[in-house]
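Take a look at the structure below.
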Amino acid sequence: MNNVLQDSLNEECTIFCRYLINQTPNSYVLKKYKEGHEATPALNIGADDFDGLLIKIAKIRPFFTKLVDTFTAVFSKYSLFRKKMVLLIAILESCNPMHQYLDSADMSIRPVLLIKMIYKGLLFIFTLLLSIIIILPLRIMTSTHAKKSNG
Amino acid sequence: MDKLVIVGSGASGVHFALSVLKKGYEVVMLDVGYENPELVNVNPEDTFNDLKKNMNDPISYFLGENYESIIYPDDKSEYYGIPPSKNFVFLKPTGFDFQSKGFAPLFSFARGGLAEAWTGGVYPFNDHELSDFPFNYSEIEPYYSEVADRIGIVGVQDDLARLYPFHENILEPISLDQHSQLLLTAYEEHKEYLNNNLKCYVGRSRISVLSRDRDERKGCSYTGRCLWGCPKQSLYVPSLTLNECRKYSNFTYIPNTYITHFRFNSKRHITSVVGHSTNNGKSLEFPVDRLILAAGTLSSSKIFMDSIYKSTGEIIRLHGLMDNRQILVPFLNLKMMGKSFKPETYQYHQIVLGIEGGRLEENIHGQVTTLKTSLIHPIIQNMPFDLKTSIFVFRNIHAALGVVNVNLHDRRREENFITIEVNQGTANAKLVINYSAAHGEKALIDESIKKVKKVLWKLGCIAPAKMIHIRPMGASVHYSGTIPMSLTKKEYTASQYCQSHDFDNLYFVDGTTLPFLPAKNLTFTLMANSVRVADCAF
């Protein structure tokens with residue numbers, strides 16, 4: 001794997017890890033994220049325009065990661081972005097100390113937990129609407145461009 | 001005494017072998033026999049989470065050297081996968097080929113067979129379920145008890161006894177996890193309604209695990225590593241019985257041997273079995289006095305069909321292939337939300353719900369697994385939110401989650417068959433499987449899901465409809481019925497002692513001879529039946 005790709009994956013892993021669990025990945029996680037890409041052809045097949053664009057957008061800042069995460073949850077469940085995130089979640093749950101966050105509950109009392117869940121649900125809906133406004137046009141543009149290129 | 005040749009080392013083969021070894025027979029077991037790789041640097045005392053801390057490379061252990069155990073998003077995603085330590089169970093020898101329509105089969109050529117990766121549920125068939133069999137419960141009960149004594153089974157005599165007869169040699173149960181305890185408590189509170197209105201009975205699972213030390217095997221110490229391989233041999237696997245067989249001087253185990261067919265003379269008497277070494281491809285042939293096929297229904301049937309083809313040129317079809325349809329019904333127990341789960345617990349199902357239908361075909365067997373230690377990425381990706389929100393939600397409902405693995409019955413039907421396809425120029429024929437669901441199956445599935453959801457609701461749980469997963473046919477791996485037991489001597493059937501009606505010195509001790517498949521795991525019955533055959537016919 002060349003250095004440019006390696007650096008790109010390190011950057012990706014760091015951004016996605018901070019986004020998902022608010023923690024910086026250690027060297028073991030970074031190494032395993034890279035190895036996971038080497039071992040998994042589906043993560044290395046040339047991404048179509050839209051897949052590649054989603055990953056670039058997701059790396060800008062956490063707000064955009066959230067936007068892409070929400071959009072793909074509904075409209076692109078099998079996208080390259082989601083596959084990369086699933087790889088990372090699988091890595092985090094399998095090693096210490098990262099798994100501890102995934103294994104722990106908030107331990108809020110049930111009414112507080114319910115309020116938090118409702119808040120998260122509303123935030124999901126709001127972000128989804130925003131992602132439709134921002135990302136869906138990009139999807140249409142890249143599809144149109146791809147059709148034109150294919151003649 | 002005849003020399004017995006057994007093909008296959010799965011659950012039924014090893015128990016048959018042990019029984020006939022005790023009688024003094026000389027036994028040769030031929031097996032491909034892929035082995036469980038020896039795991040280095042894995043401390044048997046470590047719990048599931050200890051491994052993540054103490055191993056040098058836990059990710060290779062949990063996800064595989066090639067990350068093969070990760071389940072990526074696609075429309076066929078399951079909620080759980082096979083850990084890398086169990087990959088050996090599903091390896092296939094070179095040259096083995098199959099084609100399937102309407103069926104997603106799994107094969108095992110491992111030492112110990114498919115049950116090396118099982119979840120340990122052991123449920124005897126009752127009289128009603130045995131009504132198509134040439135024996136009743138009282139005739140097989142001693143063999144259920146014998147196998148229970150051999151492998152170690154825990155359970156209690158509770159409301160489930162009306163559906164799952166309570167035989168001898170059942171040990172005291174292991175500790176119940178908190179969520180399973182809550183479900184049982186809820187059942188007790190609503191028992192009258194559940195029994196009378198929904199015909200549902202809930203109770204402790206019968207599982208093949210030790211609750212106390214026995215010989216070299218230890219009682220369950222709740223490491224939560226069940227799926228990855230019990231480090232203390234508390235959970236029974238057939239390779240343990242194979243090891244016991246290997247202590248007998250009259251037993252010869254020959255691994256790395258792939259048997260493809262048998263030869264027989266003009267009197268339809270089998271003279272030898274033929275195969276090749278999986279190490280170097282060298283042809284092998286072994287003389288036979290009596291041949292016992294225990295390679296699993298699909299493989300045993302293939303050997304049978306290949307043998308007839310190689311001798312006569314005729315390609316036959318074996319009808320009546322059966323398998324249990326399985327439906328995964330995930331649920332959320334509202335009372336467990338926000339709690340932390342305890343990883344030091346038995347990982348598999350500890351509760352069962354049985355629902356009686358008006359007819360035998362409407363019975364439901366549901367193994368209730370509460371979520372404890374598990375790889376969670378398959379579940380998180382299937383939640384209807386973005387992944388970050390899914391992680392937040394999941395962390396707070398992990399302890400509240402569970403799944404009912406619903407099993408439905410199957411019957412032998414003419415339209416479901418297996419055969420072989422021979423390609424010129426290749427030595428090995430291809431197994432061909434043709435299966436289609438029964439007419440009315442969709443309605444049965446819908447009705448079953450509705451009943452299970454009603455039961456769960458009464459137990460304080462909700463079952464989101466969108467997360468229910470109907471597994472493809474073949475996923476339950478309870479294959480059976482291609483050469484059924486029959487009191488009438490007919491072509492491609494077997495006697496009440498599983499002796500072939502086509503070849504006088506051929507026996508089947510795996511699922512090949514089952515005439516009906518109730519809504520229940522069949523492995524315990526296969527083990528008991530093989531011991532019954534050994535006792536009655538040898």
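The values are calculated or read from the model by the stated rules, or taken from the named source; none is laboratory data. Remember, predicted model here, so these are calculated numbers, not experimental data. A quick note on method: Cβ atoms are made from the backbone with ideal geometry, for glycine too, and the neighbour counts reach across all protein chains shown. Ligands, DNA and RNA are stripped out before the accessible areas are found, and what is left, the full protein with its side chains, is counted by its heavy atoms. Shrake-Rupley method; radii C 1.70, N 1.55, O 1.52, S 1.80 Å.
One table, with the values for the structure above:
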item: Extreme residue, least open to solvent (accessible area, probe 1.4 Å), among residues of the range A:73-87 that are more than 7 Å from chain B (Cβ to nearest Cβ) and more than 21 Å from A:LEU9 (Cβ to Cβ); result: A:VAL74
item: Top-ranked residue in the range B:171-211 [being among the hydroxyl-bearing types (Ser, Thr, Tyr), open to solvent by 30 Å² or more (accessible area, probe 1.4 Å) and more than 29 Å from B:SER138 (Cβ to Cβ); ranked as nearest to the chain's Cα centre (by Cα)]; result: B:SER175
item: Odd one out for B:ARG225 among (1) touching a residue at least 24 places away in the same chain (Cβ under 8 Å); (2) open to solvent by 30 Å² or more (accessible area, probe 1.4 Å); result: (2)
item: Matching entry among B:PHE88, B:PHE48 (being within 25 Å of B:SER239 (Cα to Cα), in contact (Cβ under 8 Å) with a residue 40 or more places away in the chain and touching an Asp or Glu at 6+ places or on another chain (Cβ under 7 Å)); result: B:PHE88
item: Selection within the range B:329-375 - within 14 Å of another protein chain (Cβ to nearest Cβ), under 10 Å from B:ALA400 (Cα atoms) and not aliphatic (A, V, I, L, M); result: B:ASN333, B:LYS335, B:GLY338, B:LYS339, B:SER340, B:PHE341, B:LYS372
item: Filter result (assigned to a helix (DSSP H, G or I), under 30 Å from B:GLU244 (Cα atoms) and open to solvent by less than 10 Å² (accessible area, probe 1.4 Å)) within the range B:150-165; result: B:ILE151
item: Candidates B:GLU45, B:GLU65, B:GLU35 - the one that is at pLDDT below 95, open to solvent by 40 Å² or more (accessible area, probe 1.4 Å), within 27 Å of A:LEU43 (Cβ to Cβ) and not small (Gly, Ala, Ser); result: B:GLU65
item: B:SER486 being surrounded by fewer than 20 Cβ atoms within 10 Å (Cβ to Cβ), small (Gly, Ala, Ser), at pLDDT 95 or above and within 25 Å of the chain's Cα centre (by Cα); result: yes
item: Filter result (closer than 24 Å to B:SER476 by Cβ and among the small types (Gly, Ala, Ser)) within the range B:119-151; result: B:GLY120, B:GLY121, B:SER131, B:ALA148
item: Unmet requirement for B:GLU168, which otherwise passes all of (1) under 30 Å from B:PHE16 (Cβ atoms); (2) assigned to a helix (DSSP H, G or I); (3) open to solvent by 20 Å² or more (accessible area, probe 1.4 Å); (4) in contact with a helix residue (DSSP H, G or I) (Cβ under 8 Å, 6 or more places away or on another chain); result: (2)
item: Yes/no for A:LEU43 being in contact with an Asp or Glu (Cβ under 7 Å, 6 or more places away or on another chain) and either within 27 Å of B:ASN66 (Cα to Cα) or facing chain B (nearest Cβ under 8 Å) (or both); result: no
item: A:ASP69 vs. criteria facing chain B (nearest Cβ under 9 Å), part of a helix (DSSP H, G or I) and either more than 17 Å from the chain's Cα centre (by Cα) or touching a residue at least 12 places away in the same chain (Cβ under 8 Å) (or both); result: yes
item: Hits in the range A:101-116 (condition: more than 16 Å from B:ILE391 (Cα to Cα), facing chain B (nearest Cβ under 8 Å) and assigned to a helix (DSSP H, G or I)); result: A:ARG110
item: Members of the range B:181-215 found to be out of contact with any Gly (no Cβ under 9 Å at 6 or more places or on another chain) and among the β-branched types (Val, Ile, Thr), listed by number; result: B:THR185
item: Residue check for A:LEU20: closer than 18 Å to B:LEU387 by Cα and modelled with pLDDT of 95 or more; result: yes
item: Qualifying residue in the range B:116-135 (condition: of a type in the set (Val, Ile, Thr), farther than 30 Å from B:LEU431 by Cβ, modelled with pLDDT of 95 or more and not in a helix (DSSP H, G or I)); result: no
item: Given (1) open to solvent by less than 50 Å² (accessible area, probe 1.4 Å); (2) over 26 Å from B:MET55 (Cα atoms); (3) at pLDDT below 95; (4) in a helix (DSSP H, G or I), number of the condition A:LEU9 does not satisfy; result: (2)
item: Residue satisfying all of: in the range A:13-59; part of a helix (DSSP H, G or I), under 13 Å from A:ILE89 (Cα atoms) and of a type outside the set (A, V, I, L, M, F, W, C); most open to solvent (accessible area, probe 1.4 Å) among these; result: A:ARG18
item: All positions within the range B:229-244 that are in contact with a Leu (Cβ under 9 Å, 6 or more places away or on another chain), surrounded by fewer than 22 Cβ atoms within 10 Å (Cβ to Cβ) and not in a loop (DSSP other than H, G, I, E, B); result: B:GLU244
item: Subset of the range B:502-529 [outside any helix (DSSP H, G or I) and not hydrophobic (A, V, I, L, M, F, W, C)]; result: B:ASP502, B:ASP504, B:ASN505, B:TYR507, B:ASP510, B:PRO515, B:PRO518, B:LYS520, B:ASN521
item: Where a residue in the range A:127-150 is modelled with pLDDT of 85 or more and its partner, wherever it lies, is not hydrophobic (A, V, I, L, M, F, W, C), with Cβ under 7 Å and at least six apart; result: A:THR127/A:LYS66; A:THR127/A:THR70; A:LEU128/A:THR70; A:SER131/A:THR70
item: Condition met for A:ARG139 (among the charged types (D, E, K, R), within 20 Å of the chain's Cα centre (by Cα) and closer than 29 Å to B:GLU68 by Cβ); result: no
item: A:SER108 modelled with pLDDT of 90 or more, surrounded by 12 or more Cβ atoms within 10 Å (Cβ to Cβ), within 24 Å of B:PHE394 (Cα to Cα) and polar (S, T, N, Q); result: no
item: Some residue of the range B:256-264 being within 23 Å of the chain's Cα centre (by Cα), open to solvent by less than 20 Å² (accessible area, probe 1.4 Å) and among the hydrophobic types (A, V, I, L, M, F, W, C); result: yes
item: Contacts under 9 angstrom Cβ, first residue in the range A:16-43 being small (Gly, Ala, Ser), partner part of a loop (DSSP other than H, G, I, E, B), 6 or more apart; result: A:GLY36/B:TYR67; A:GLY36/B:ILE70; A:ALA39/B:GLY64; A:ALA39/B:GLU65; A:ALA39/B:ASN66; A:ALA39/B:TYR67; A:ALA39/B:GLU68; A:ALA42/B:TYR72
item: Filter result for A:LEU123 (surrounded by 13 or more Cβ atoms within 10 Å (Cβ to Cβ) and assigned to a helix (DSSP H, G or I)); result: yes
